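Please read the structure below before turning to the comments.
The values are calculated or read from the model by the stated rules, or taken from the named source; none is laboratory data. Please read all numbers here as calculations on a predicted model, not as lab measurements. All Cβ positions, even for glycine, are placed from backbone atoms using ideal geometry, and neighbour counts span all protein chains on display.
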Amino acid sequence: MTQLELARQGEISDAMRAVAKAEGVPEDEIRRRIEAGRLVIPFNARRRCKAVCGIGEGLTVKVNANIGTSHDYADADAEIRKLQAAVDAGADTVMDLSTGGDITAIRERILDESPVSLGTVPIYQAAVAAVQSRGSLRSMTAADMLDGVRAHCEQGVDFITVHCGVNRDVVKTALDCERVCGVVSRGGSFLVDWITHHQQENPLYEQFDELLAMARELDVTLSLGDGLRPGALADAFDRAQIHELNVLAELSARAQEAGAQVIVEGPGHVPLNQVASQVQLQKSLCKGAPFYVLGPIVTDVAPGYDHITSAIGGALAAAAGADFLCYVTPTEHLGLPEPRHVREGVLAARIAAHAADVARGLPGAADWDRRMSEYRRQRNWPGQIDCAMDPRRAAALRDARKSSDAEVCSMCGEYCVFKVLNERAR
């Protein structure tokens, strides 16, 4: 049975207990939020990952890190190093987006070594297989797409992105919108091309009930992908994006009714002034279902710094109600990240997530900040390092630029405000 089905029967599972303990929330409150569809626990019954993660209403904002091979860089060992970097930096979940090499074997290694929940996008592998065996993305069949979902579920993946909202009507709207960047979701672009070429309905939409049955069998959480998310500020909040969101809202309700856990994905590139509105619209249409956002990236002109542009958007989105932030690395729009980029991306997203936890008044969130402030006033350097979100970096910067006076930093030295006022107080 799925966590949602158990919750509806009034049962509290071991996974619910683990989430309640980690979050400091009563067990029955976790159960009630799952029952209402406002909280999920990605937790494949076949794999049962070590670090159980709750995502949704009233919980700390969670962070996902994307890893995965490409055609040009298909080194499984490198992906394991990225996985380790993500987990070490504090990622709550990881997604394997591999499109190069032996994708199934790479995913198996990641599943074996990941202590956190793992997500995938099955249509990527289905598309790669179609190109390799039949020479074209367009040669994918409905069976290929659904068999890909089944294979990922059976292998032990905890949550999967499925672009079910890209149906024929939504594609018509998208083609009429004359976007600056068109369709930037990889899975979305595959399906838009497939639908327009074959003049057939998206199998993931048309056969959604079959997809739900697969998800329920092993309690795999469905993450309803936004195939028409904006990839440029100029494309944000257009008719195509909102049309798809309405379809995702309908599918989210169907999934919950069937007993499947579900997340809804969101944008994308969004101007700062639209971020809160976009989150509030999704939450309203989708009846509080957990919302998973890529960034959002709030300016298009900072390649090399998009971990920062996305952290700005992520903090605003999470403060407005988003539950799950997908990190963005400094290499976004430029190339495949290395482990050091993964670490930077995770920490930037974690900063955004924690800032939002404080803004939302989450119990205990501001206590961490107060503790750090007290250590600063006391000039307690070991305490400050231990309290830091990234103690390793904090310690390295401190060691590299130490003051001749060990009590202070080298910025103010003897004129340290805390030293001056503390001595005055004596």
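Conditions (1) modelled with pLDDT under 95; (2) over 25 Å from L224 (Cα atoms); (3) in contact with a helix residue (DSSP H, G or I) (Cβ under 7 Å, 6 or more places away or on another chain), marked per residue:
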{"residue": "L4", "(1), (2), (3)": "no, no, yes"}
{"residue": "V19", "(1), (2), (3)": "no, no, yes"}
{"residue": "C53", "(1), (2), (3)": "no, no, no"}
{"residue": "N64", "(1), (2), (3)": "no, no, no"}
{"residue": "S70", "(1), (2), (3)": "no, no, no"}
{"residue": "R81", "(1), (2), (3)": "no, yes, yes"}
{"residue": "D92", "(1), (2), (3)": "no, no, no"}
{"residue": "I103", "(1), (2), (3)": "no, no, yes"}
{"residue": "E113", "(1), (2), (3)": "no, yes, yes"}
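Quick check: is even one residue across region 279-299 β-branched (V, I, T) and either outside the structural domain of A215 (by TED's automatic domain parsing) or over 29 Å from P330 (Cα atoms) (or both)? Scanning region 279-299 turns up no residue that is β-branched (V, I, T) and either outside the structural domain of A215 (by TED's automatic domain parsing) or over 29 Å from P330 (Cα atoms) (or both). Residue count for region 338-364 satisfying the condition of being part of a helix (DSSP H, G or I) and surrounded by fewer than 18 Cβ atoms within 10 Å (Cβ to Cβ): 3.
Listed here are the residues, each with its yes/no results for (1) aliphatic (A, V, I, L, M); (2) on the phi > 0 side of the Ramachandran plot; (3) under 25 Å from the mean Cα position of the chain (by Cα); (4) assigned to a strand (DSSP E or B).
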residue: A127; (1), (2), (3), (4): yes, no, yes, no
residue: A143; (1), (2), (3), (4): yes, no, no, no
residue: V149; (1), (2), (3), (4): yes, no, yes, no
residue: V157; (1), (2), (3), (4): yes, no, yes, no
residue: C164; (1), (2), (3), (4): no, no, yes, no
residue: V184; (1), (2), (3), (4): yes, no, yes, no
residue: D193; (1), (2), (3), (4): no, no, no, no
residue: T196; (1), (2), (3), (4): no, no, no, no
residue: Y205; (1), (2), (3), (4): no, no, yes, no
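Filtered by the rule that a residue be of a type in the set (D, E, K, R) and free of Cβ contacts under 8 Å to residues at least 24 places away in the same chain, region 25-52 gives E27, D28, R48. Looking only at region 374-426, filter to residues that are of a type in the set (S, T, N, Q) and modelled with pLDDT of 75 or more; which one of those is surrounded by the fewest Cβ atoms within 10 Å (Cβ to Cβ)? Restricting to residues being of a type in the set (S, T, N, Q) and modelled with pLDDT of 75 or more, the top hit is Q378. Condition check: touching a strand residue (DSSP E or B) at 6+ places or on another chain (Cβ under 7 Å), at pLDDT 95 or above, buried (at least 24 other Cβ atoms within 10 Å of the Cβ) and more than 23 Å from E257 (Cα to Cα). Does V40 satisfy that? Answer is no for this residue. Using the structure shown, decide if L336 is in contact with a Pro (Cβ under 8 Å, 6 or more places away or on another chain), in the same structural domain as T120 (by TED's automatic domain parsing) and of a type outside the set (D, E, K, R). No, not satisfied. In region 214-244, what residues are assigned to a helix (DSSP H, G or I) and in contact (Cβ under 8 Å) with a residue 40 or more places away in the chain? Residues satisfying the conditions are M214, A215, R216, E217, L218, L233, A234, D235, R239, A240, H243, E244. Within the option set A105, A85, A142, being farther than 30 Å from E23 by Cα, small (G, A, S), in the same structural domain as V264 (by TED's automatic domain parsing) and buried (at least 17 other Cβ atoms within 10 Å of the Cβ) holds for one residue only, A142. Restricting V170, V275, V247 to residues that are modelled with pLDDT of 95 or more, over 19 Å from the mean Cα position of the chain (by Cα), crowded, with 24+ Cβ neighbours inside 10 Å and not in a loop (DSSP other than H, G, I, E, B) narrows the list to V170.
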